[in-house]
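The values are calculated or read from the model by the stated rules, or taken from the named source; none is laboratory data. None of these values were measured; they are calculated from a predicted model. Heads up, the Cβs are rebuilt from the backbone with ideal geometry, glycines too, and the neighbour counts pull from every protein chain shown.
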Amino acid sequence: MKTETRLDKKFAALKAEGRAGFVTYVMAGDPDLETSFEILKGLPGAGADIIELGMPFTDPMADGPAIQAAGLRALKGGQTMDKTLDLVTRFRQDNQDTPIVLMGYYNPIYSYGVDRFLEAAKAAGVDGLIVVDLPPEEDEELCLPALQANINFIRLTAPTTDDKRLPAVLANTSGFVYYVSMTGITGSRDIDSGGLKTAVQRLQTQGKLPVAVGFGIKTPSHAKMVAQVADAAVVGSAIIDQLAAHLDDQGAATEGLVPAVLTFTGELAGGVRSARS
Amino acid sequence: MSDSVERPNSLRSGPDDHGRFGIFGGRFVAETLMPLILDLETAYEEAKKDPAFKAEMDDLWTHYVGRPSPLYYAERLSEHLGGAKIYFKRDELNHTGSHKANNVLGQILLARRMGKKRIIAETGAGQHGVATATFAARFGLPCVIFMGATDIERQKPNVFRMRLLGAEVVPVTSGTGTLKDAMNEALRDWVTHVEETFYIIGTVAGPHPYPAMVRDFQSVIGREVREQMMAAEGRLPDSLVACIGGGSNAMGLFHPFLDDEGIEIFGVEAAGRGVDQGDGHHAASLTGGRPGVLHGNRTYLLQTDDGQIIDGHSISAGLDYPGIGPEHAWLHEVGRVNYVSATDREALDAFQTCCRLEGIIPALEPSHALAHVIKLAPTLPSDHLMVMNMCGRGDKDVFTVAAALGVDVDEN
Ligand SMILES: Cc1ncc(COP(=O)(O)O)c(C=O)c1O
């Protein structure tokens, strides 16, 4: 990277504080644009250190039912890439230090145009990208242009990423490394601690980057357990489950939705913060 | 077609080392799957060079699938249309009733070589699911088939066939419950059960090496046609016609002929209610789509301006995939293959014509190819040799056809 990004600064600050970070995932436009903005705006106050903002896609092949449904709700509500970027712009008007990472699949970006997308993302205040279906073999598509534009490109590593592959996977990764703690889709199983510490340490030593762990963290105690060994814990499906539990029969947000999501986020954040005290 | 697209000396040498045909193809998959795809590529490259692999495949092709399939002169149809001399490549006579068996046999032998213990597959019309369930039974491997809930409803006989063969059929309700959703679900299953599972993709799509591998297994169709036509007519055909869902039966017929420049090649996509009816009314990815990335490869896709995938529509459940194999996308751009389309109505008419004139009940998929043959043949001289891939039989479709014709099957 050419200069220190908001993500680099955040992880440096967390390190200075001596605690792990808490990364929350929510879907842009779920269940509607304004509710989604309210959630986004409230997340840092509820304890989120970094926000992953999902870009909805019709065919999320690595996601489980919770995130699939979130994406379809957003699309049904008319969410577009422009509206997602606009959410970030609005968020940045009064938040300059919580990094935002856009997460999703390549086709909506490819369709938007890679150069045009990077320019718009940069202008909106996006700090990093996680694009599930772009492995290192396809780095020329988006990863290298993103790094050029000084946007972090965060790669997923999986239990199937062996020693032979790891250097290639880490090579153009920046910001942090996202360790998918199990083989599978988002939200499918509960995380288990077996082997997690070893896996994280292997990544930390080889990659010299902070390691965030996600997939399967559902409760404050899971979050605490992960925060004891990793540099950050990522929660997505469990937060979205809270959101979904506060929709009415028509799928519209009820009054209690935003407070419920933020309260739950606060509990998870509490789990993360209690990990090393 | 654009002249700017570079055309190599041979059109049969793709894909390149990155699994690309021009800009199409590639390996757009989650990291969890990447090591598996690389393993698969290595295993396939080794198997290709192993005479024992080929011998085992040939033996089963002969004794279990029933290859070679005949190349049949459709005399009455030719006379009726009054133009080209029309031949059918009779892949509908294969065990399980379609060309899908060619590919499944190849992949299941590879799965066994790789020591995989569990087979999964997606299916649309159910033909690929039936073929997969069949070979899984033959080799004693547990098998899970993902099928869209909508497709389960319209292809009930095939669902029962798969269950008879011992497969578990999992209804997919995500998205719109059709083939693309079944493929998403199969990919989700695969990332969850990576070590023991072999995913048998049913068409020339998916991440590299699938498009090339499936094409290679299906190319037995075109290789046989070359020999059979030489035997029948003493020369190669003048034109080839095949229907396109993902494009595997078409690639299988076309690939051995791509470098024979004089041969005109036609791929027929499903125009559903008409490509001019707009999004959601057809499944013609090349005619009505634009390049994008889905299911592991870059290709032409039916999609919105914002890059969201649109469901295809066709009367034929085997053709309503919103994409097309990447090699077809490339052959379209270099201009080697002509991609055209046929509507539901045209396919239904062709279906009935074939039943009455040739005594062959075709599947609705090749009925699309036949619809184009019916348009094309009368404009051509009687010494023009045309080969159409009769890639599936229509037993599975009789209920759909009856409904479309307003006939109550139980009544008559
Ligand atoms: C008989 C038949 N033909 C064609 C197809 C379409 O597939 P492809 O284009 O890969 O040949 C199918 C798919 O289910 C089929 O069952």
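Give the residues of the stretch B:86-95 that are of a type outside the set (A, V, I, L, M) and buried (at least 21 other Cβ atoms within 10 Å of the Cβ), sorted by residue number. Passing the criteria: B:87, B:88, B:89, B:91, B:92, B:94. Determine whether residue B:234 is more than 13 Å from every other protein chain (Cβ to nearest Cβ) and either under 27 Å from residue A:162 (Cα atoms) or away from the ligand (no atom under 12 Å from the Cβ) (or both). When the stated conditions are applied, residue B:234 passes them.
Residue pairs whose Cβ atoms lie under 6 Å apart, separated by 6 or more positions or on different chains, with the first residue in the stretch B:208-233 and outside any helix (DSSP H, G or I) and the second of a type in the set (Phe, Trp, Tyr), are B:209/B:44. I'd like to know if the stretch B:237-255 contains one or more residues that are surrounded by fewer than 21 Cβ atoms within 10 Å (Cβ to Cβ) and out of contact with any His (no Cβ under 9 Å at 6 or more places or on another chain). Scanning the stretch B:237-255 turns up no residue that is surrounded by fewer than 21 Cβ atoms within 10 Å (Cβ to Cβ) and out of contact with any His (no Cβ under 9 Å at 6 or more places or on another chain).
Restricting the first member to the stretch B:363-387 and to residues that are within 16 Å of residue B:318 (Cα to Cα), and the second to residues that are modelled with pLDDT under 95 and among the hydroxyl-bearing types (Ser, Thr, Tyr), the beta-carbon pairs closer than 6 Å and six or more apart or on different chains are B:364/B:316; B:365/B:316.
The condition of being surrounded by fewer than 18 Cβ atoms within 10 Å (Cβ to Cβ) and more than 14 Å from chain B (Cβ to nearest Cβ) holds for only one of A:78, A:45, A:21, that being A:45. Within the stretch B:331-345, being away from the ligand (no atom under 16 Å from the Cβ) and either among the β-branched types (Val, Ile, Thr) or over 19 Å from residue B:241 (Cβ atoms) (or both) holds for B:333, B:334, B:343. All of B:86, B:37 fail the test of being outside any helix (DSSP H, G or I) and touching a residue at least 12 places away in the same chain (Cβ under 8 Å), apart from B:86.
The combined condition, being touching a helix residue (DSSP H, G or I) at 6+ places or on another chain (Cβ under 8 Å), within 14 Å of another protein chain (Cβ to nearest Cβ) and within 15 Å of the ligand (Cβ to nearest atom), is not fulfilled by residue B:366. Of everything listed in (1) away from chain A (no Cβ under 14 Å); (2) on the phi > 0 side of the Ramachandran plot; (3) surrounded by 17 or more Cβ atoms within 10 Å (Cβ to Cβ), the single unmet condition for residue B:19 is (1).
Would it be correct to say that residue B:325 is surrounded by 21 or more Cβ atoms within 10 Å (Cβ to Cβ) and within 14 Å of chain A (Cβ to nearest Cβ)? Against the criterion (surrounded by 21 or more Cβ atoms within 10 Å (Cβ to Cβ) and within 14 Å of chain A (Cβ to nearest Cβ)), residue B:325 does not qualify. If you filter the stretch B:263-307 down to residues that are free of Cβ contacts under 8 Å to residues at least 12 places away in the same chain and within 30 Å of residue A:134 (Cβ to Cβ), you find that the one that is farthest from the other protein chains (Cβ to nearest Cβ) is B:305.
Of all residues in the stretch A:90-110, those satisfying the criterion of being within 14 Å of chain B (Cβ to nearest Cβ), in a helix (DSSP H, G or I) and either closer than 25 Å to residue A:22 by Cα or out of contact with any Pro (no Cβ under 9 Å at 6 or more places or on another chain) (or both) are A:106, A:107, A:109.
Could you say which residue among B:177, B:166 is in contact with a Cys (Cβ under 8 Å, 6 or more places away or on another chain) and either away from the ligand (no atom under 14 Å from the Cβ) or in a helix (DSSP H, G or I) (or both)? Of the residues listed, the single one that is in contact with a Cys (Cβ under 8 Å, 6 or more places away or on another chain) and either away from the ligand (no atom under 14 Å from the Cβ) or in a helix (DSSP H, G or I) (or both) is B:166. Here the condition is being outside any helix (DSSP H, G or I) and either under 24 Å from residue B:373 (Cβ atoms) or under 18 Å from the mean Cα position of the chain (by Cα) (or both); of B:108, B:145, it holds for B:145 alone.
Before we move on, is residue B:268 within 16 Å of the ligand (Cβ to nearest atom), within 27 Å of residue B:7 (Cβ to Cβ) and either out of contact with any Leu (no Cβ under 7 Å at 6 or more places or on another chain) or not aliphatic (A, V, I, L, M) (or both)? Criteria met by residue B:268. Checking the stretch B:55-73 against the condition returns a match, with at least one residue being at pLDDT 95 or above, surrounded by fewer than 22 Cβ atoms within 10 Å (Cβ to Cβ), of a type in the set (S, T, N, Q) and in a helix (DSSP H, G or I). Of the residues screened, residue B:41 is one that is outside the structural domain of residue B:248 (by TED's automatic domain parsing), more than 16 Å from the ligand (Cβ to nearest atom) and at pLDDT 95 or above.
Residue by residue, here is whether (1) loosely packed, with under 12 Cβ neighbours inside 10 Å; (2) of a type in the set (Gly, Ala, Ser); (3) in a loop (DSSP other than H, G, I, E, B) holds:
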position: B:370; (1), (2), (3): no, no, no
position: B:375; (1), (2), (3): no, no, no
position: B:383; (1), (2), (3): yes, no, yes
position: B:387; (1), (2), (3): no, no, no
position: B:397; (1), (2), (3): no, no, no
position: B:400; (1), (2), (3): no, no, no
position: B:403; (1), (2), (3): no, yes, no
position: B:410; (1), (2), (3): yes, no, yes
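Only one entry in B:246, B:252, B:278 is closer than 30 Å to residue A:69 by Cα and within 14 Å of the ligand (Cβ to nearest atom), namely B:246.
Select from the stretch B:352-363 the residues that are more than 12 Å from the ligand (Cβ to nearest atom) and not β-branched (Val, Ile, Thr) and write down the one among them that is surrounded by the fewest Cβ atoms within 10 Å (Cβ to Cβ). Per the stated criteria, the residue is B:359. You will find that of B:197, B:192, the residue that is surrounded by fewer than 22 Cβ atoms within 10 Å (Cβ to Cβ), touching a residue at least 60 places away in the same chain (Cβ under 8 Å) and not assigned by TED's automatic domain parsing to the domain that holds residue B:245 is B:197 and no other. With respect to the conditions (1) part of a helix (DSSP H, G or I); (2) touching a Leu at 6+ places or on another chain (Cβ under 8 Å); (3) more than 16 Å from the ligand (Cβ to nearest atom); (4) farther than 24 Å from residue B:145 by Cα, residue B:191 lacks only one, and its number is (4). Taken as a whole, the structure leaves residue B:46 outside the set of residues that are of a type in the set (D, E, K, R), part of a helix (DSSP H, G or I) and within 14 Å of chain A (Cβ to nearest Cβ). Among B:315, B:310, which is the only one that is within 14 Å of chain A (Cβ to nearest Cβ) and either within 30 Å of residue A:72 (Cα to Cα) or within 13 Å of the ligand (Cβ to nearest atom) (or both)? After applying the criteria, what remains is B:310. Among the residues here, residue B:104 qualifies as in the same structural domain as residue B:27 (by TED's automatic domain parsing) and within 22 Å of residue B:211 (Cβ to Cβ).
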